[in-house]
Structures are given as structure tokens and as C-alpha cells.
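See below for the structure under consideration.
The values are calculated or read from the model by the stated rules, or taken from the named source; none is laboratory data. This one's a predicted model, so the numbers in the text were calculated from it and none came from an experiment. No Cβ is skipped: glycine too gets one built from the backbone with ideal geometry, and neighbour counts run over all protein chains shown. Accessible surface is based on the protein model in full, side chains and every heavy atom, while ligands, DNA and RNA are left aside. Shrake-Rupley method; radii C 1.70, N 1.55, O 1.52, S 1.80 Å.
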Amino acid sequence: MHKRFDNQAIESKWQEKWNENGIYDVGERDTSKEKEYVLVELPYPSGNLHIGHWHAFAVPDIYVRYLRMTGKQVLYPMGFDAFGLPAENAAIKRDINPKEWTEGNIDYMKDQLGSMGAAFSWDKTTATTDQDYYKWTQWMFTEFFKKDIAYRGTGKVNWCPKCNTVIANEQVLSDDTCERCGTEVEKKEMPQWMLKITDYADRLVDDLEDLNWPEHIKEAQRRWIGRSEGAEITFNLSTGDDVTVFTTRPDTLFGATYMVLAPEHPLVTQNESSITNWDEVVRYIELSKKKSEQDRLDDTKEKTGVKLEGVTATNPANGEEIPVFIADYVLAGYGTGAIMAVPAHDERDFAFAAKYNVPIQQVVVPNVVPNVEDMPQEDKETLVRDVVDLIIEHPTDGTFLMQKEIDGENVYEHFVGGGTDGETDEVAIGRELEEETGFKNYEVISKVFTTQTYAYRHTKDKNQDCLSNFYHIKLTDLEQVPSEVEEGKHTIDWCMKDEVDTRMTWPGHRMAWNYFAHNEVYTGDGFLIESGEFDKTNSEEAKVAITEKVGGKMTNTYRLRDWSVGRQRYWGVPIPIVYDPEGNAHPVPKEHLPWCLPSDVDFRPTGEPPLAKSAELKKRTEEIFGEGWTPEVETLDTFVDSSWYFLRYIDNQNDDMFASLEKQKNWMPIDLYFGGAEHTTMHLLYSRFWQKALLDLRYVTENEPYKRRINRGLILGPDGNKMSKSKGNVIDPDDHVKTVGADTVKMYLAFMGPYGETANYPWDMGGIAGIRRFLERVYGLSEHVADTEPEEVTKQLHKTILKLAKDIPEFKFNTAISAMMVFVNLVEKNTLTQESYEVFLRALAPFAPHLSEELWEAAGKTESIHLEGFPEADAELAADTEVTIGVQINGKVRGDITIAPDASEEEAMAAAQSNEKLAERLAGTVKKVIYIPGKIMNVIVVD
RNA sequence: GCCGCGGUGGCGGAAUUGGUAGACGCGUGCGACUCAAAAUCGCAUUCUUUCGGGGGUGAGGGUUCGAUUCCCUCCCGCGGCACCA
């Protein structure tokens with residue numbers, strides 16, 4: 001029976017009791033239990049808990065409570081990431097110190113978090129602004145400094161003019177705006193504190209492999225790091241200088257018909273005297289500077305550049321003299337800032353070459369069979385047979401350019417035939433299998449050329465038809481070659497090698513790949529041509545061989561840049577570095593940590609670091625280190641603070657170390673990390689790097705901090721849009737907690753859809769009312785308690801528990817709640833025993849901690865329900881004694897029968913016959929019966 | 001453009017080693033209670049229909065006794081990256 005309850009009274013009563021008794025405190029590691037470290041991203045104390053926080057913390061709480069009830073020792077800590085610009089900006093607005101503002105917010109938010117009634121491990125909390133937290137942030141930084149992981153670098157940095165500070169590459173969005181404020185960032189040349197994340201690039205990529213993370217997050221990190229495997233090759237310039245280029249395609253070196261330097265490349269200005277069109281060059285450099293600062297929305301993306309007249313380079317592979325350009329499609333910041341251009345095999349180089357009339361030399365041919373045009377059908381078949389014979393005879397020498405790596409080793413030995421299907425210009429390639437029943441069977445050996453499967457008459461033995469599935473190769477690009485090659489149209493007239501030519505020659509035809517006539521570039525791998533001694537080798541082998549020949553070296557290049565961590569703002573961790581009178585940097589020794597943030601400054605942003613104005617900091621530095629010593633005045637990026645917070649939770653009272661190795665061994669790694677998608681290539685990357693850097697210094701026990709990651713979606717406003725004040729669609733959780741209760745809000749958020757999908761769910765006022773109604777029904781459920789209950793109820797109870805035990809660990813809270821609703825709906829029409837009632841309450845406890853606790857007490861219990869175990873289902877009681885299955889006649893469902901799950905086909909048929917409607921349809925001749933016990937029966941009937 | 005994910009009623013979403021599509025909730029309609037309304041309770045709710053049926057999981061094709069689920073082609077939406085050599 002539906003029954004209203006006073007959510008406010010119930011919730012405050014239990015929140016108080018739980019606090020008093022500290023039932024969620026974790027304390028010391030209890031090794032008699034398995035550990036689970038469940039982490040949620042620590043919030044920024046903005047001063048108000050929004051619905052996203054509820055979604056982020058209250059829903060995972062279901063999982064946490066479930067784990068606790070199944071006997072795990074669960075660490076579910078909560079803390080505050082409290083340094084950073086919002087506090088500073090808010091403080092400026094209110095004319096107070098950010099510390100004050102932050103501390104006030106933390107207190108307020110702790111209360112709000114308390115209103116969730118979540119099982120947070122408050123005894124393990126921390127805040128990044130605490131001195132005994134940032135002391136360790138600073139200590140780690142000094143340790144990194146000693147190992148050159150932290151260094152003072154120079155170069156261009158991203159400057160946000162609104163935030164008045166440098167920001168890291170990861171904090172610049174793809175449209176060149178600041179991740180925090182949306183302002184367009186500027187490039188600025190200034191000294192900067194950097195962390196050498198690039199040294200960890202390979203490990204950051206490779207170690208992703210074993211992580212249980214959603215693939216798209218891994219992929220995003222891989223792309224962000226952007227490892228390219230290739231070679232560095234040095235070209236000589238006519239001026240005597242050497243230029244090293246990076247290329248992923250050293251196999252195409254013979255096709256390098258020009259080279260390009262980035263406009264900013266130092267060799268450009270160094271060779272001013274040799275460049276005869278210097279004015280033009282300077283103009284272009286100026287233009288490209290302006291362009292990069294201007295709009296990048298220039299979607300024409302036409303390549304531009306200028307030839308360096310008077311300068312040439314020598315292709316080290318063939319000794320040919322090639323022109324040198326500057327062009328802004330070559331980026332100074334990537335690779336070596338210079339490229340060898342291979343227009344035949346690179347889209348960009350091709351576009352540029354076409355515009356500036358540079359020769360195009362094809363040196364790689366793809367391993368596909370060419371096209372056939374205007375060829376009589378029988379001739380095609382003959383051709384294909386020739387192709388196939390050729391492949392059999394020359395499987396790997398590259399004379400015929402078939403995919404070499406096909407479905408295992410030695411496939412060509414089994415190769416038997418190919419042919420067209422008589423309708424399309426396609427060739428099928430298969431391999432012979434066992435001879436059976438007079439037919440030859442073939443299996444697919446190439447998946448590369450897949451189009452579709454079809455039945456095919458093979459050509460080896462013309463007298464025998466055999467049906468088999470084959471994959472197809474499209475014959476493309478075989479054309480009649482004009483007797484005279486027209487320049488510009490058929491830029492390349494590459495033909496098969498002589499010995500092949502004779503076999504493949506068609507009267508009046510030669511085979512040719514004329515990609516350029518089709519305005520296409522071949523960027524794939526293949527076999528080499530026009531490459532001297534390397535002809536006929538494949539790309540993979542040629543990469544190494546050619547690099548070796550020209551004295552280059554195989555190397556990797558990364559898109560990832562070092563992490564710029566210095567911030568020219570006030571509210572952050574002071575960088576614990578001091579400078580001696582000569583200007584050399586020294587780490588602040590451990591005994592002087594925390595190197596406290598001074599308060600005697602005007603921290604309003606001017607672009608100058610506020611700490612530079614602190615007399616106290618200056619005085620402190622001189623007192624400790626001596627006359628003439630000066631402090632570093634920048635503070636650390638807040639992403640530094642959050643790179644290791646999960647380690648402090650583990651041992652938050654430790655004065656000697658940020659966390660002892662012993663306690664780390666107890667709790668790390670984090671078993672599950674819930675968070676938002678925005679951290680994919682920021683926090684999630686930074687903290688992985690941080691962990692690895694600490695591992696190398698032997699301060700941590702794990703190589704990777706997070707075993708498993710689940711991203712959650714967004715809660716949208718009732719109108720389906722992202723919540724924003726300007727749209728007026730913001731849902732304030734406090735309102736709903738007051739009116740319908742914390743349990744209701746939490747369960748509603750869990751009920752909207754599966755957690756951990758990237759789906760975003762709109763807030764639905766009606767939907768939350770439905771959850772409230774459900775809980776009111778639960779509140780009235782005790783009225784149905786009786787001495788006995790129908791078997792149906794017992795069965796459903798056990799089914800529900802089974803469902804919960806399956807769904808909760810998969811974060812399918814929506815279907816778990818649905819199962820409980822089904823149970824409650826059934827009980828309302830029946831009775832249930834006190835025992836079953838209590839079992840149900842325990843199952844409900846992770847979802848509705850307050851209400852279940854209240855009802856538990858009302859049932860006469862004195863201990864908290866949250867110290868109880870999760871109910872265990874009896875599979876036998878849950879098993880169905882009979883099932884209703886559909887009966888299909890000729891594939892259409894015409895009715896259903898209720899039989900035992902393991903009933904025989906005869907019994908099932910008998911049941912169907914006793915159904916009048918079905919019997920009618922079963923009157924004809926039964927040709928076939930498909931009966932899957934417990935699932936379906938399909939009867940094929942012929943009239 | 002490239003990569004990743006997705007497309008199921010009026011709405012959020014169930015169901016995939018292929019087996020009665022639409023669980024559960026919302027909304028809607030009708031009824032009960034009420035002087036009345038709200039709340040609550042009960043029944044109904046994929047579309048269509050000549051009440052026999054027929055169609056239906058973005059579109060089209062394929063495999064199968066049977067396809068939301070597997071395969072092929074295409075369309076649309078969302079997210080990420082976009083001159084990275």
C-alpha cells in the first residue's frame with residue numbers, strides 16, 4: 001500500500017547516527033577481507049553541489065554499498081581539489097582571500113555531501129590546499145627536479161589572456177581556446193617550468209594495453225600522444241648545411257622530389273645570403289606568422305609555400321638534386337620541422353606538388369590486381385588465370401603485387417585458382433581444401449580484398465563445378481596506356497616489369513597504374529619500383545633497408561609535448577625552487593616544506609606572478625638561503641595537485657611520507673575509477689605519468705594507478721539541453737532532496753539508464769515522481785507481511801536477488817531497480833513473510849540507504865542494516881517450474897504454450913495441439929519441428 | 001576528411017552464445033473514490049485493420065526454420081581528432 005513518509009526526518013536522523021557511529025570509516029586495512037578501492041574524481045569546492053555531483057558520487061555509492069555488503073573492505077574516499085582560478089576570481093570579486101572563500105566552501109560542501117547519505121570514507125579525506133598535502137606535492141616536484149623530470153625550459157607557450165597565465169597543451173581545446181574560460185589563447189615566448197612527460201610517451205602508450213578502460217579513452221590517449229614510427233634521414237643542402245627530416249615512410253625516399261622546411265626553421269635565416277629570392281621568403285614567413293595567429297577556420301586549406309631559390313638539396317638515395325621550399329603545412333613544432341616530400345605517396349605533398357609543378361615520382365605500387373576495361377569476357381577469364389598462375393609461381397618476389405601476408409603462412413602453396421564470376425570485373429582467390437563428395441572446396445585466403453561472397457566456378461578443372469565462398473579482388477585501374485604518355489595527365493606510366501609484361505600483355509594493352517590520371521595518391525604500403533636495388537622489396541622491409549643505406553636511423557616521433565606546469569597566478573602551490581645570486585635554480589630542501597603560500601600580496605592578475613610582490617616570501621628566502629637568493633614566484637598547475645591525490649587518501653595522516661609503501665601495497669591499485677569524459681587527455685594522462693615518474697623513484701608500488709575506468713554521461717536539463725544558468729534549465733539537487741528525499745534523487749539518477757555509457761540523460765520531473773511512488777510503496781510494504789507467502793512471491797524474491805547480483809557489478813542500476821519494482825508490484829497483490837520482507841530490505845539497502853535503515857529499525861533491529869550482508873539467492877527457489885513459450889507456425893508466432901522448461905518435444909506438441917487456435921493451424925502436414933526447450937517451438941506446416 | 005560510439009513506442013529505456021520485441025518507469029485514455037479537485041487505486045496503452053489479420057527495432061539486401069541481435073551496402077545523429085610528415 002502506498003504510504004507517504006517524512007524523508008527529511010528519516011534522512012537527518014540516520015545521517016546523524018551514521019556519523020556518530022562512524023560506520024563508513026575504513027580505518028586500518030583488514031586483510032581478512034578483500035579490498036576494493038573505488039575512486040571518484042574529487043570535486044572542486046565551487047560552493048554548491050550540483051546535480052552532476054550527485055550523479056558522480058551518489059550512483060557509484062550503490063556499487064560501493066553492494067561491495068561492502070558482500071564482505072569487501074571498501075575504500076571510497078572523498079576530498080577537495082581546492083586550488084585554482086575560480087577561487088581566485090571569486091575572491092577578487094568579493095575582495096577576500098581565496099583561502100577564506102575556499103575553506104568556507106569546503107565546509108558547506110561537506111554538509112551537502114552529507115545530505116547524500118553516501119558511504120564515503122571520511123576518515124581518509126584530504127584537500128589539495130592543506131599544507132600537509134601540498135607539502136608533498138612540493139616534495140615530489142623537488143624530487144623530479146633532482147632527476148631532471150622537472151626542468152626550466154624555454155620556447156613558445158600557450159598564454160590565456162583572460163586567465164593571465166600559461167596553460168598546458170592539453171588545456172588548449174582544438175579550436176585554440178582555453179579549456180577553462182573559452183578565450184582564444186596566444187603563443188608567447190617565455191621561460192617555463194616543464195615536466196618531462198615526453199620521456200614517458202612510450203610507456204604511456206604501451207601500458208594502456210592491459211588496462212580495463214573503455215577503448216575510446218585508450219584510443220584518445222594514444223592519439224594524443226601520437227607516436228609515429230619512422231626514421232630520421234639527413235639531406236645535404238647545396239649551401240653545405242645538413243637538414244634532418246623525420247618520415248614515417250623511408251621506403252618512399254626514392255620518390256622524394258623536393259623538401260620542405262617549416263617557415264620558422266633556423267636554417268632558413270642562416271642561409272639568407274644563399275637565397276636569391278630572400279624578399280619573397282621573408283614576406284611568406286611574416287604571412288604565415290600572422291596566419292597562425294588569425295583564424296584557423298580557413299577551410300580551403302590550400303597549401304602555400306615559397307621555393308628557396310639558390311638552394312637545393314640532394315636526395316641521399318639516388319643523388320638527385322631536388323628543390324627546397326618553405327611552407328606552413330610543415331610545422332616547426334613537430335618532428336624536425338623539415339620533411340622530405342613524396343608527392344606520389346602523400347596527400348599533402350601531392351597537393352603542393354601539383355600546385356608548384358614539382359615532379360611526381362611513384363615508387364610504391366599497391367598489392368592489388370589491376371582493373372580490366374573493355375575486355376571480352378573470355379579474355380578476362382584468361383587474364384585472371386594468368387594472374388593466378390603467376391601468383392602461384394612467384395608468390396613473394398614482388399613481380400606480381402599480391403598481398404603477401406595472407407591468413408597465415410605458405411598460403412600460396414595451396415593456391416589453386418581464380419576467375420571472374422562472369423558478371424563483374426572481379427577475381428576470386430581461394431585455396432583448396434579437402435576433396436569431398438566429388439567437389440573441390442575452397443576457403444578464403446584473402447580478407448584484404450573483401451567485397452562479398454558468392455558462388456563461383458573455379459578454373460583449374462573446367463569440367464568441374466564447385467560452389468564455394470570466395471572473397472573478391474576488384475580489378476581496378478588496368479587501362480590501355482596511350483601510345484604516348486601525355487604529360488600532366490599520366491604523370492607516371494608505370495608498367496609491370498619486363499618478365500611480367502610479356503605474360504600479362506594484352507593485345508593493345510599494358511597494365512598500368514595511373515593514379516595520377518585519376519588524381520589519386522597511393523598512401524598505402526606495397527612493393528617498390530624505381531628504387532634501384534630496392535625494387536620488388538616490400539615497404540616494410542624497405543623502410544629499414546633504405547634508412548640503413550643512407551645512414552639514417554629508425555626513430556619515433558610524438559605529438560605529445562612536455563607538460564608546462566608553471567602558472568603566473570596566486571592561488572596554487574608555490575613552486576618550491578629558489579635561485580642563488582647567480583640565478584641557478586635549487587630545490588627547497590624537505591625540512592623547509594611546506595614552502596608556504598604567502599598571504600601578503602595583491603593577487604589581482606596583471607600578467608606578472610603575484611608572488612613576485614610578496615615581501616614575506618622574499619624575506620623568508622633570504623633568511624633561509626642567504627643574501628641575494630630569490631624565490632621562484634610561479635605556482636603549479638592544479639592538475640599537478642590532482643595527479644596523486646588518490647595516494648594521499650590511503651595514508652592521510654602520515655607526516656613522514658605522502659603514503660607509506662606498506663599502505664600503498666594494501667590499497668593500490670585503484671580497482672575502479674569513476675569520472676567524467678573531460679579528463680581523458682588531461683587528468684587521466686597526467687596522473688598516469690605522475691605515477692610512473694614516482695615509480696621510477698621507488699616511491700610508489702604500482703606502474704598504473706587505475707585498473708578500471710568508467711566514464712559517466714551528463715545529466716541534461718528537462719528540455720534536453722545542457723544545463724546552464726542562461727537557459728534557465730538548471731536542476732538544483734537540494735530542492736529535490738528536500739521535497740522527495742536523497743534516496744529518491746539517488747535512485748532516480750540510477751534509474752535513468754545504464755551508468756558508464758557515454759549517454760546523456762535529460763532530467764524528467766515525472767520520472768523522479770515515479771521513483772518516489774515506488775519508495776512510498778516500499779514504505780507501506782510491511783502491511784503485506786503475513787505468516788505465509790505464495791510460492792510465486794518466494795520465487796520472485798530470489799529472482800530479484802539474482803538479478804541485482806548480476807546487474808549491480810555491471811552498473812546496470814536501471815534494470816536492477818526495475819527488478820525490485822516488479823517484486824514490489826507482485827507483493828502488493830499478495831502477502832510475504834517477515835523473513836522475506838527483511839531479505840528485500842537488505843537488497844534495497846544500497847539503493848535507498850535511509851529508508852531501508854528506517855524500515856530495518858521498525859522491524860525491530862538494533863544493528864545498522866548497512867553492516868548486514870547482501871542477501872544470497874537460492875537458485876533452486878528462483879527456478880521456474882513451468883515456462884510460457886511462443887509457438888511459431890512457419891516462422892510466425894501464432895500463440896503460446898505453458899509447459900515445463902525441460903518438457904520434451906512430444907509434450908510441447910501435445911500442449912500446442914490442445915490449444916484450439918494452434919491446433920487449427922497445425923492441421924496440415926508437419927514438415928519440420930524446431931523445438932528449443934524453454935525458448936520456442938517453430939513448426940513448419942505444409943497444407 | 002579520419003577515428004570511436006549510437007539509431008527500438010509519445011518519452012527514458014528493456015531484451016543480443018539468434019528464439020513470443022517493447023520489461024520497468026514516465027506520459028496519455030477510461031473507470032473507482034470525492035460535492036469537486038489533487039493524491040491514491042484499478043484497467044488499457046507499438047502502429048494499422050473490413051477484427052480474419054497485416055506491418056513494425058534508421059533504409060535496402062543477404063544468411064537462417066527463425067534476425068533488434070550475424071554479414072554486406074547506404075542514410076542519419078553524437079563524441080573526439082583534424083595539414084603530426
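Please tell me if A:D764 is at pLDDT 90 or above, under 27 Å from A:H850 (Cβ atoms) and charged (D, E, K, R). Spell out how you get there, then give the answer.
Details: at pLDDT 90 or above: no; under 27 Å from A:H850 (Cβ atoms): yes; charged (D, E, K, R): yes.
Judged against the criteria, A:D764 is not a match.
Pairing each residue of the range A:795-812 that is touching a residue at least 60 places away in the same chain (Cβ under 8 Å) with any residue that is of a type in the set (D, E, K, R) and more than 10 Å from RNA strand B (Cβ to nearest atom), provided the two are 6+ apart or on different chains, yields C-beta distances under 6 Å for A:H798/A:D874.
If I filter the range A:183-199 for residues that are within 12 Å of RNA strand B (Cβ to nearest atom) and either within 30 Å of A:R569 (Cβ to Cβ) or in a strand (DSSP E or B) (or both), do I get at least one hit? It would help to see each step written out before you state the result.
Going residue by residue through the range A:183-199, those that are within 12 Å of RNA strand B (Cβ to nearest atom) are none.
No, every residue in the range A:183-199 fails to be within 12 Å of RNA strand B (Cβ to nearest atom) and either within 30 Å of A:R569 (Cβ to Cβ) or in a strand (DSSP E or B) (or both).
Scanning the range A:825-836 for residues that are surrounded by 20 or more Cβ atoms within 10 Å (Cβ to Cβ) and in a helix (DSSP H, G or I) yields A:V827, A:S836. Between A:Q913, A:Q888, which is polar (S, T, N, Q), away from RNA strand B (no atom under 16 Å from the Cβ) and either at pLDDT 85 or above or in contact with a helix residue (DSSP H, G or I) (Cβ under 9 Å, 6 or more places away or on another chain) (or both)? The conditions single out A:Q913.
Among residues of the range A:754-809 being more than 8 Å from RNA strand B (Cβ to nearest atom), out of contact with any Ser or Thr (no Cβ under 6 Å at 6 or more places or on another chain) and not in a helix (DSSP H, G or I), the one that is most open to solvent (accessible area, probe 1.4 Å) is A:D787.
With respect to A:A750, determine if the residue is closer than 28 Å to A:I225 by Cα and either touching a strand residue (DSSP E or B) at 6+ places or on another chain (Cβ under 9 Å) or not in a loop (DSSP other than H, G, I, E, B) (or both). The answer is no for A:A750. Within the range A:106-122, which residues are in contact (Cβ under 8 Å) with a residue 24 or more places away in the chain and either assigned to a loop (DSSP other than H, G, I, E, B) or out of contact with any Pro (no Cβ under 9 Å at 6 or more places or on another chain) (or both)? The answer is A:G114, A:S115, A:M116, A:G117, A:A118, A:A119, A:F120, A:S121. Among the residues making up the range A:1-51, those that are within 16 Å of RNA strand B (Cβ to nearest atom) and either open to solvent by less than 20 Å² (accessible area, probe 1.4 Å) or under 39 Å from the mean Cα position of the chain (by Cα) (or both) are A:N7, A:I51. From the list A:T244, A:T239, the one residue that fits, being farther than 20 Å from A:N703 by Cβ and part of a strand (DSSP E or B), is A:T244. Among residues that are within 13 Å of RNA strand B (Cβ to nearest atom), open to solvent by 10 Å² or more (accessible area, probe 1.4 Å) and modelled with pLDDT under 95, A:D299 is included. For the range A:52-88, residues that are more than 19 Å from A:R569 (Cβ to Cβ), outside any helix (DSSP H, G or I) and of a type in the set (D, E) total 0. Residues of the range A:247-278 that are β-branched (V, I, T), within 12 Å of RNA strand B (Cβ to nearest atom) and out of contact with any helix residue (DSSP H, G or I) (no Cβ under 6 Å at 6 or more places or on another chain): A:T247, A:T248, A:V260. Scanning the range A:674-709 for residues that are open to solvent by 20 Å² or more (accessible area, probe 1.4 Å), outside any loop (DSSP other than H, G, I, E, B) and within 14 Å of RNA strand B (Cβ to nearest atom) returns A:A677, A:E678, A:H679. Scan the range A:152-159 and give yes if some residue there is more than 14 Å from A:D562 (Cβ to Cβ) and either at pLDDT 80 or above or open to solvent by 10 Å² or more (accessible area, probe 1.4 Å) (or both), otherwise no. Checked the range A:152-159: at least one residue is more than 14 Å from A:D562 (Cβ to Cβ) and either at pLDDT 80 or above or open to solvent by 10 Å² or more (accessible area, probe 1.4 Å) (or both).
Quick check: is even one residue across the range A:909-930 within 46 Å of the chain's Cα centre (by Cα) and in a helix (DSSP H, G or I)? Checked against the condition, which is being within 46 Å of the chain's Cα centre (by Cα) and in a helix (DSSP H, G or I), the range A:909-930 yields no hits at all.
Evaluate the range A:732-750: report whether one residue or more is on the phi > 0 side of the Ramachandran plot, modelled with pLDDT of 85 or more and either open to solvent by 40 Å² or more (accessible area, probe 1.4 Å) or within 16 Å of RNA strand B (Cβ to nearest atom) (or both).
Taking the range A:732-750 as the starting set, the residues that turn out to be on the phi > 0 side of the Ramachandran plot are A:741.
Now restrict to residues that are modelled with pLDDT of 85 or more: A:741.
Those left that are additionally either open to solvent by 40 Å² or more (accessible area, probe 1.4 Å) or within 16 Å of RNA strand B (Cβ to nearest atom) (or both): A:741.
So far as the range A:732-750 goes, yes, one or more of its residues are on the phi > 0 side of the Ramachandran plot, modelled with pLDDT of 85 or more and either open to solvent by 40 Å² or more (accessible area, probe 1.4 Å) or within 16 Å of RNA strand B (Cβ to nearest atom) (or both).
Looking only at residues that are near RNA strand B (Cβ under 8 Å from one of its atoms), within 18 Å of A:T884 (Cβ to Cβ) and of a type in the set (V, I, T) in the range A:931-942, which one is surrounded by the most Cβ atoms within 10 Å (Cβ to Cβ)? Here the residue is A:I936. If you take the residues of the range A:316-339 that are of a type in the set (D, E) and away from RNA strand B (no atom under 12 Å from the Cβ), which of them is surrounded by the fewest Cβ atoms within 10 Å (Cβ to Cβ)? The residue in question is A:E321.
Among the residues of the range A:565-584, how many are within 17 Å of A:I149 (Cβ to Cβ), of a type in the set (A, V, I, L, M, F, W, C) and modelled with pLDDT under 95? Give the steps one after another, and end with the answer.
As a first pass, look at the range A:565-584 and keep what is within 17 Å of A:I149 (Cβ to Cβ): A:565-566, A:573, A:575-577.
Next cut, of a type in the set (A, V, I, L, M, F, W, C) only: A:565, A:573, A:575, A:577.
Narrowing the set further to residues that are modelled with pLDDT under 95 leaves A:565.
Going through the range A:565-584 one residue at a time, the tally reaches 1.
Among the conditions (1) touching a Pro at 6+ places or on another chain (Cβ under 8 Å); (2) in a helix (DSSP H, G or I); (3) closer than 30 Å to A:K162 by Cα, the only one that A:L49 does not satisfy is (2).
Restricting A:I546, A:I577 to residues that are open to solvent by less than 10 Å² (accessible area, probe 1.4 Å), within 30 Å of A:D525 (Cα to Cα) and not acidic (D, E) narrows the list to A:I546. Looking at A:E920, A:E907, A:E882, can you tell me which residue is more than 14 Å from RNA strand B (Cβ to nearest atom) and either touching a Cys at 6+ places or on another chain (Cβ under 6 Å) or free of Cβ contacts under 8 Å to residues at least 40 places away in the same chain (or both)? Just a single option satisfies the conditions, and that option is A:E907. The C-beta contact set for the range A:188-212 (first residue within 29 Å of A:T154 (Cα to Cα), second residue polar (S, T, N, Q), distance under 6 angstrom, 6+ apart or interchain) comprises A:P191/A:T154; A:Q192/A:S564; A:M194/A:S564. If you filter the range A:213-246 down to residues that are acidic (D, E) and in contact (Cβ under 8 Å) with a residue 60 or more places away in the chain, you find that the one that is farthest from RNA strand B (Cβ to nearest atom) is A:E232.
How do the pairs read when you match residues in the range A:672-686 that are more than 14 Å from A:W224 (Cα to Cα) with residues anywhere that are open to solvent by less than 10 Å² (accessible area, probe 1.4 Å), using Cβ under 6 Å and keeping only pairs 6 or more apart or on different chains? If the second residue must be open to solvent by less than 10 Å² (accessible area, probe 1.4 Å), the pairs left are A:L672/A:V38; A:Y673/A:L39; A:Y673/A:Y706; A:Y673/A:R709; A:F674/A:V40; A:F674/A:P60; A:A677/A:N711. The lone criterion from (1) surrounded by fewer than 22 Cβ atoms within 10 Å (Cβ to Cβ); (2) touching a strand residue (DSSP E or B) at 6+ places or on another chain (Cβ under 9 Å); (3) within 23 Å of A:V166 (Cβ to Cβ); (4) of a type in the set (S, T, N, Q) left unmet by A:T606 is number (2).
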